[in-house]
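> Structure below; questions to follow.
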Amino acid sequence: MIQTSATFNAALQIVQQAVTLLAKWADPQLINKCPRLTDDHIVTKAKQILSWSDKHELKALRLLFDYVKLDKAQDKQHYWQAKAIENSNPTIPYPQLETITDFRQLKTEIKTAINDLNNDDWQNLSLLTLILEKFGSFLSFGESDIALVDIARTTAAVAAAIAKNPKTTELNLIAGDLSGIQKFIFTISSDGALKSLRARSFYLELVTEEVVQQLLIRLNLPRTNVIYAGGGNLYILADETDNTKKTVEQLREDFNEWLLDEFEGKIFLALDLLKFPIADITTEKFSIHWSEVTTQLAVHKSRKFANQMSKFTEPRDSHEPCRVCHRDDVENLKPLNPHEADSVLACETCCSMFRLGGQLLRLDAIVRSPERDNIPNAEKEKLTLRLPNQIVYYHLFKQREDLVNIHNYETAFLVNNWTVKHYLTGNVIPLLLGNYAQESEEKGVPISAKELTEIARKSGAIPRVGYLQMDVDNLGQIFARGLRQCEKQTLPRIAGLSRNISYFFKVYLNSLAATRKPPNIPENIKLINPEKKRPNLLFIYAGGDDLFVSGAWNELVEFAFDVYQCFRAYTGYNPDITLSAGISIADFKFPLYQAGDESRMLEKAAKENGRDSLGLFGQVFKWDEWLGTAKITYFDEVNQKYLNPETRPNMLGILPFVERLERQNIGVNYSRNFVRNLLITAEIQERALKKLEENKKLEENKKSEEALGTRYYLHLPKIAYTLARLPKNVLDDSDFRTSLKSPYNAPYFRAIATWIELLNRSS
């Protein structure tokens, strides 16, 4: 769809110039394929604001994560590899320490894409933006740490925002936050829980997208003005007019009226805007405005549905509650799964979510339309948003090729798709979606997502299901002040941070889950069982800066370690950019919402452990302690107090012992004895630690030091007994023998024992 308004034309001119830059850089002869461009006064002003100079050249891109500084800061310089985003299932790109000098492959791909464009294509803003994102995400323009796509999109956003009033000196930053997501997703019963959870998280992604769509339509703004949208959050750059403020206020009321009726107030849209000087876009002051508008959202969330309070006091009839979401204000409950004779009764919303969950395994495209029917080849199930004075439908397609006769006023979203030729016609937009899952192997099961029973059975060890929750530590602080100390907290860089983090969780994790050992993975990443596949993972939610994944417990644990290590490599090992996570493990009959609560509690405990930690098996340690790569442990502080300090063992941490015992194949009987003795030893030491904590409270310093000194040696008699009863091939392993006796490893005994026990038990 070609837009002709002043706002769209302003954005189009900027994006055209950026794509022309790519063309000239790839091959000067391609300039003959590009339109003749001249700047009007709006484009000139926008370029001046963003310091866009036609003399700038495309060069290697520095890693923006290197500049993030909270407490520790990065001491190395990394560069992105110059590459195009793959058409589908992109793998994680990893930065390197050497600057990039070889651009031949990227130039060849750019030439192929741009050489095929015709005159109409150069007027297609969504197509040109896709090309810019595909080929300009790993090239700098102007400053070495600003990607071409980010400077172009933000300049286009400013141009569109000032097009209505070129003399303005101020703009608006719109921010939105869907609160109550956890409550909406997790307060359901275990009946059909996995399918329902996936559908609910997907549904909220589309609700966020609909808020974005409504804002863009009502304010007549192009897609380039969306700085970020995902995970229930959105940020949009808009013009400074009275209409903008009225539109935001009206949209907030419209959506909350609908959310209250549809979901009994579980979900609330906080939406507001902040006026700021245009000049602040390229200074660290922009981060202050970003923080201020986010703070304003907190005020709205503290006054949820203040304008709809009368509805809470209205008398209403109560009916039999839905067995999934427990609401009791609807009649005519229906079987959740009509294919099961004893299926529970549920409300229409939950039934719809259940059906939708079975269609999310393969999802190539989504069409937003005001039409309920007459959408050829769409899946039977559709998402309906009954907003005040408007009904919007989202139609699902398993195959992109099924998109036919899409009208100009409709929008098509292609899921994780960067194939240029797929964006040639219509208003087509890429949609990033963390949606990894495998098809059920059960015959006669009319759904595509795996059930808990099947996942548990395929664990290859004790049949248990794992639940992983993980997110970026201090993300709010990273955006608020992470770049301020180096005076780089500008709009293009904030947009770049948002894009890179969103790509990791929404796009790259799909390929990491699907491919056990990607070909480009750095050698220093320690993969667990890299030769094994992991088909029993199910993404319930992955977006923004966090994820919630279910799966066979052993595959899930391995995946968690891979995600952490790959994220650290992806962000250049910046010590201020880390992840914390919690993993709960439960029987498949255990209520899923309770398992989710447990994983959240473990994640919270990991945050309280100084972050950069994992809560697993009821234990919380730093990631490097789990992996066996810790350079500093708590015992190092204790060790300094001894006259004859202990030598650090060759094997240190949890995973090295688990892998060694698995490789030695010690057998079930030996394993049971080993686990039992190790757990007894852990209990002895934990009692000593408890005594230590009690003594601290009583301020008995002498006893505290005594307990501190003895705790790490109480294990020796039991460990000696345990070692003596292990097979000869294990005893002959001197590293294993001496390392297990080392007090350095004393804190890890319970975690080691629990892991080994789960791997060797069959029920």
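The values are calculated or read from the model by the stated rules, or taken from the named source; none is laboratory data. Everything numeric here is computed off the predicted structure, so don't read it as measured data. Quick reminder, even Gly has a Cβ in these numbers, built from the backbone with ideal geometry, and neighbours come from all protein chains shown.
> Does K421 satisfy the criteria of being under 26 Å from the mean Cα position of the chain (by Cα) and surrounded by fewer than 21 Cβ atoms within 10 Å (Cβ to Cβ)?
Details: under 26 Å from the mean Cα position of the chain (by Cα): no; surrounded by fewer than 21 Cβ atoms within 10 Å (Cβ to Cβ): yes.
No; evaluated as a whole, the condition is false for this residue.
> Can you pull out the residues in segment 240-259 that are under 18 Å from A157 (Cα atoms), buried (at least 17 other Cβ atoms within 10 Å of the Cβ) and among the hydroxyl-bearing types (S, T, Y)?
Hit for segment 240-259 is T244, nothing else.
> Take the residues of segment 383-403 that are among the hydrophobic types (A, V, I, L, M, F, W, C) and under 16 Å from Y423 (Cβ atoms): which is modelled with the highest pLDDT?
Within segment 383-403, the subset among the hydrophobic types (A, V, I, L, M, F, W, C) is 383, 385, 387, 391-392, 396-397, 403.
From the residues that got through so far, the ones that are under 16 Å from Y423 (Cβ atoms) too are 397, 403.
Numbers: F397: 92, L403: 84.
Filtering segment 383-403 for residues that are among the hydrophobic types (A, V, I, L, M, F, W, C) and under 16 Å from Y423 (Cβ atoms), the one modelled with the highest pLDDT comes out as F397.
> Could you please give the count of residues in segment 99-135 that are of a type in the set (F, W, Y) and out of contact with any Asp or Glu (no Cβ under 8 Å at 6 or more places or on another chain)?
Taking segment 99-135 and keeping what is of a type in the set (F, W, Y), we get 103, 122, 135.
From the residues that got through so far, the ones that are out of contact with any Asp or Glu (no Cβ under 8 Å at 6 or more places or on another chain) too are 103, 122.
Residues flagged as of a type in the set (F, W, Y) and out of contact with any Asp or Glu (no Cβ under 8 Å at 6 or more places or on another chain) within segment 99-135 amount to 2.
> Still on this model: Mind listing whichever residues of segment 414-454 are among the small types (G, A, S) and at pLDDT 90 or above? Let's see the steps before the verdict.
First pass over segment 414-454, keeping only residues among the small types (G, A, S): 426, 434, 437, 440, 444, 448-449.
Within segment 414-454, G434 is the sole residue that qualifies.
> When you scan segment 580-599, do you find a residue that is in contact with a strand residue (DSSP E or B) (Cβ under 6 Å, 6 or more places away or on another chain) and of a type in the set (F, W, Y), even just one?
Checked segment 580-599: at least one residue is in contact with a strand residue (DSSP E or B) (Cβ under 6 Å, 6 or more places away or on another chain) and of a type in the set (F, W, Y).
> Residue under question is I131, and the condition is that it be at pLDDT 95 or above and either part of a helix (DSSP H, G or I) or within 29 Å of the chain's Cα centre (by Cα) (or both); does it hold?
Numbers: at pLDDT 95 or above: yes; either part of a helix (DSSP H, G or I) or within 29 Å of the chain's Cα centre (by Cα) (or both): yes.
So I131 fits the description; yes.
> Check D54, D66, D71 and return the single one that is without any contact (Cβ under 8 Å) to a residue 60 or more places away in the chain and either more than 28 Å from R516 (Cα to Cα) or surrounded by 16 or more Cβ atoms within 10 Å (Cβ to Cβ) (or both). Reasoning before the result, please.
Values: D66 fails: without any contact (Cβ under 8 Å) to a residue 60 or more places away in the chain; D71 fails: without any contact (Cβ under 8 Å) to a residue 60 or more places away in the chain.
Only one candidate passes the filter, namely D54.
> Could I ask something else about it? Filter segment 152-179 down to the residues that are over 15 Å from N225 (Cβ atoms), touching a Phe, Trp or Tyr at 6+ places or on another chain (Cβ under 8 Å) and not hydroxyl-bearing (S, T, Y) and list them by number.
E170, L178
Residues checked against (1) surrounded by fewer than 16 Cβ atoms within 10 Å (Cβ to Cβ); (2) within 30 Å of L173 (Cα to Cα):
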site: L475; (1), (2): no, yes
site: Q489; (1), (2): no, yes
site: R493; (1), (2): no, yes
site: G496; (1), (2): no, yes
site: F505; (1), (2): no, yes
site: A513; (1), (2): no, no
site: I521; (1), (2): no, no
site: K532; (1), (2): yes, no
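> Does segment 472-526 hold any residues that are charged (D, E, K, R), assigned to a helix (DSSP H, G or I) and under 16 Å from the mean Cα position of the chain (by Cα), and which are they?
Initially, segment 472-526 is screened for residues charged (D, E, K, R), giving 473, 481, 484, 487-488, 493, 499, 506, 516-517, 523, 526.
If we keep only those that are assigned to a helix (DSSP H, G or I) as well, we get 481, 484, 493, 499, 506.
Those that are charged (D, E, K, R), assigned to a helix (DSSP H, G or I) and under 16 Å from the mean Cα position of the chain (by Cα): R499, K506.
> Something else: Counting only residues that are within 28 Å of R761 (Cα to Cα) and charged (D, E, K, R), give me the strands (runs of 3 or more DSSP E) lying completely in segment 527-642 with at least 1 of them. Walk me through it before giving the result.
Numbers: elements: 537-543, 546-552, 579-586, 613-616, 619-622.
In segment 527-642, the matching strands (runs of 3 or more DSSP E) lie at 619-622.
> Scanning for something among the polar types (S, T, N, Q), crowded, with 19+ Cβ neighbours inside 10 Å, modelled with pLDDT of 95 or more and within 23 Å of A682 (Cβ to Cβ), does segment 623-633 turn up at least one residue? Spell out the reasoning first.
Initial filter on segment 623-633 (among the polar types (S, T, N, Q)): 629, 633.
Next cut, crowded, with 19+ Cβ neighbours inside 10 Å only: 633.
Within this subset, residues satisfying the condition of being modelled with pLDDT of 95 or more are none.
Scanning segment 623-633 turns up no residue that is among the polar types (S, T, N, Q), crowded, with 19+ Cβ neighbours inside 10 Å, modelled with pLDDT of 95 or more and within 23 Å of A682 (Cβ to Cβ).
> Inside segment 540-564, can you point out the residues that are modelled with pLDDT of 90 or more, under 18 Å from V507 (Cβ atoms) and aromatic (F, W, Y)?
Result: F548, F559, Y564.
> Out of curiosity, is V248 in contact (Cβ under 8 Å) with a residue 12 or more places away in the chain and over 24 Å from the mean Cα position of the chain (by Cα)?
On the way: in contact (Cβ under 8 Å) with a residue 12 or more places away in the chain: yes; over 24 Å from the mean Cα position of the chain (by Cα): yes.
Answer is yes for this residue.
> Restricting attention to segment 343-352, does a residue exist that is free of Cβ contacts under 8 Å to residues at least 12 places away in the same chain and either more than 33 Å from the chain's Cα centre (by Cα) or not assigned by TED's automatic domain parsing to the domain that holds T419 (or both)? Show your work before the answer.
Quick first cut of segment 343-352, residues free of Cβ contacts under 8 Å to residues at least 12 places away in the same chain only: none.
No, because not a single residue in segment 343-352 is free of Cβ contacts under 8 Å to residues at least 12 places away in the same chain and either more than 33 Å from the chain's Cα centre (by Cα) or not assigned by TED's automatic domain parsing to the domain that holds T419 (or both).
> For the structure I just gave you, tell me whether A720 is part of a helix (DSSP H, G or I), under 38 Å from the mean Cα position of the chain (by Cα), at pLDDT 65 or above and under 23 Å from E662 (Cα atoms). Spell out the reasoning first.
Details: part of a helix (DSSP H, G or I): yes; under 38 Å from the mean Cα position of the chain (by Cα): no; at pLDDT 65 or above: yes; under 23 Å from E662 (Cα atoms): yes.
Answer is no for this residue.
> As an exercise: evaluate I181 against (1) touching a helix residue (DSSP H, G or I) at 6+ places or on another chain (Cβ under 7 Å); (2) closer than 22 Å to E381 by Cβ; (3) modelled with pLDDT of 90 or more and give the number of the one condition it does not meet.
(3)
> Now for a different question. Before we move on, is G176 at positive phi and within 22 Å of the chain's Cα centre (by Cα)?
On the way: at positive phi: no; within 22 Å of the chain's Cα centre (by Cα): yes.
Criteria not met by G176.
> Moving on. What number of residues within segment 83-106 are part of a helix (DSSP H, G or I) and surrounded by fewer than 15 Cβ atoms within 10 Å (Cβ to Cβ)? Working first, answer last.
Restricting attention to segment 83-106, the residues satisfying the condition of being part of a helix (DSSP H, G or I) are 104-106.
Now restrict to residues that are surrounded by fewer than 15 Cβ atoms within 10 Å (Cβ to Cβ): 104-105.
Here the count works out to 2.
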